[in-house]
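Read the structure below first, then the notes.
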Amino acid sequence: MYHITLIPGDGIGPEVAEATKAVIEASGAKIQWETVNAGLDVLETTGTLVPDGVFDSLEKTRIALKGPITTPIGSGFRSINVMLRKKYDLFSNTRPVKTIPGIDVPFQNVDLIIFRENTEDLYIGEERMLHDNAAEGIKRITKEGSFRIIKAAFNYANQNNKSKVTVVHKANIMKLTDGLFLQCAREVAKDYPHIQLQEVIVDNMCMQLVMNPSQFQVIVTTNLYGDILSDLCAGLVGGLGIVPGANIGENMAIFEAVHGSAPDIAGKNLANPIAMILTGAMMLNYLGESIKSRSIYQAVEATVIQGKFITKDLGGSASTKDMTNAIIENIQL
Ligand code: NAI
Ligand code: MG
């Protein structure tokens, strides 16, 4: 029995969290969920976006499945997601992007994974107004922060028989910050002589990805580029509705899909639950339950190939619940 914190989140979060719980249960994994909430609804009732109970639970279980949380735009609200990643030093944001056969997209053989540095860069929140008409933000890159995410990427490549790691940067312009990241990548690569280090500048990377994505295997990059490239890569395989993710640190792991709270479709039983369900499968794999994890992946693939119960974002007309039930039906134990 695993004890896991569940943060359903807001917007479509509760719908896809419910779906994921049901699928995980159907896989046979024994999980005792500790449900705590954070986000806009909680703000209305408690006056805070993240009540202390969330931190208490996370510090106890050290592992969470988390739905998306809306970040109000404007001053006064920092993103809870950014805050959690920073507070618990969840430095590695991994996002596997893989073609699911049967989805109508231009490429059928995308299989890459993004390692996004999760605690530094322009996301440290050090911004200030210079005067009424100008603002600036600090981009911070450290050697320690760079080494650990790059090592995580090479380690993954090594363990999964990948022959190439692509480091994405803009060191030609940001010579000190991105320059340092690139230099760290070159140093780490020396320890892995059998793995090729490919260096690609971020703007060129965008073009390469939309023209020939299957040339990439493992991508490692800084926080901002990683955020942007993740959504781009999601678009290559069918959109945000299907791409899972994880935020992993030394002492804690928070699993969450790439997508946000999707206010445009929230509460309508329209959200694609696959992203969150595959996020749950990634979590099972992390727990060592690789067979159950695999059975969830296969059930998702089978459901998409059957094509009868797929959500609107994938060209179908099924509801969140219909698709979830179909996935559960397809689980083979
Ligand atoms: P979003 O990912 O919520 O939505 C972008 C587009 O993708 C929308 O058209 C939405 O309907 C669609 N979409 C997303 N997930 C989907 C799913 N599972 N099924 C079908 N369609 C889906 O991004 P947006 O609109 O930029 O952000 C909305 C809010 O979410 C913002 O407040 C943002 O800060 C927050 N957010 C939270 C994240 C988190 O908690 N990890 C991550 C990204 C955004
Ligand atoms: Mg994002």
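The values are calculated or read from the model by the stated rules, or taken from the named source; none is laboratory data. The shown structure was predicted, so the numbers you read here are calculated from the model rather than taken from an experiment. Cβ: placed from backbone, ideal geometry, glycine included. Neighbour counts: every protein chain shown. With ligands, DNA and RNA removed, areas are computed over all heavy atoms of the protein, side chains included. Shrake-Rupley method; radii C 1.70, N 1.55, O 1.52, S 1.80 Å.
Numbers for the structure displayed
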quantity	calculated
For the chain, the longest site-free run once GluC sites (Glu not before Pro) in DSSP loop states with at most 14 other Cβ atoms within 10 Å are removed	1-125
Gain upon complete extension [residue 105, residue 140; 0.36 nm per residue less C-alpha separation]	8.9 nm
Beta bridge orientation in the chain: antiparallel %, DSSP, nearest 5	40
Residue-by-residue Karplus 3J(HN,Hα) for the range 4-21, coefficients 6.51, -1.76, 1.60, Hz, glycine and proline x	10, 7, 10, 10, x, x, 10, x, 6, x, x, 5, 6, 5, 4, 4, 5, 4
Mean separation of Cα contacts under 8 Å (6+ apart) over length of the range 181-333, as relative contact order %	16
Loop-located trypsin sites (Lys or Arg not before Pro) in the range 153-190, at most 13 other Cβ atoms within 10 Å (DSSP)	175, 190
Residue 3 accessible area, 1.4 Å probe, all protein chains in place, Å² to nearest 10	100
Contour minus Cα-Cα distance for residue 48 and residue 215 (0.36 nm per residue)	55.6 nm
Trypsin sites (Lys or Arg not before Pro) lying in DSSP loop within the range 243-333, provided at most 14 other Cβ fall within 10 Å	268, 308
At R0 = 22 Å, FRET efficiency that the Cβ-Cβ distance of residue 40 and residue 60 yields, to 0.05	0.35
Carbon + sulfur, % of accessible area of the chain - ligands and nucleic acids excluded, 1.4 Å	51
Cα-projected label distance for residue 187 with residue 291, points at 7 Å along beta-carbon direction, nm	4.4
Extent along principal axes [Cα atoms of the chain; Å; largest to smallest]	52, 48, 38
Per-residue SASA entry for residue 95, accessible area with 1.4 Å probe, Å² rounded to 10	10
Accessible surface, the range 256-333, averaged per residue in Å² (probe 1.4 Å)	47
Hits among lysines - C-alpha to C-alpha of residue 98 under 23 Å, sequence gap 8 or more where chains match	21, 66, 151, 162, 164, 292, 308, 312
Chain lengthening between residue 30 and residue 124 when straightened (0.36 nm per residue, less Cα-Cα)	30.1 nm
DSSP-loop chymotrypsin sites (Phe, Trp or Tyr not before Pro) across the range 24-85, with at most 15 other Cβ within 10 angstrom	77
Solution diffusion estimate, µm²/s, Stokes-Einstein, the range 72-126, Kirkwood Rh from C-alpha pairs, 10 °C, viscosity 1.306 mPa s	115
Proximal aspartates and glutamates to residue 60, defined as alpha-carbon separation beneath 13 angstrom and excluding residues fewer than eight positions away on the same chain	34, 52
In Å², nearest 10: area of residue 210 left accessible to a 1.4 Å probe	80
Relative contact order of the range 246-333, defined on C-alpha pairs under 8 angstrom at six or more residues apart (%)	26
Relative contact order of the chain, defined on C-alpha pairs under 8 angstrom at six or more residues apart (%)	22
For the range 48-89: rounded, prolate or oblate by the Cα gyration tensor [a/c cutoff 1.5]	prolate
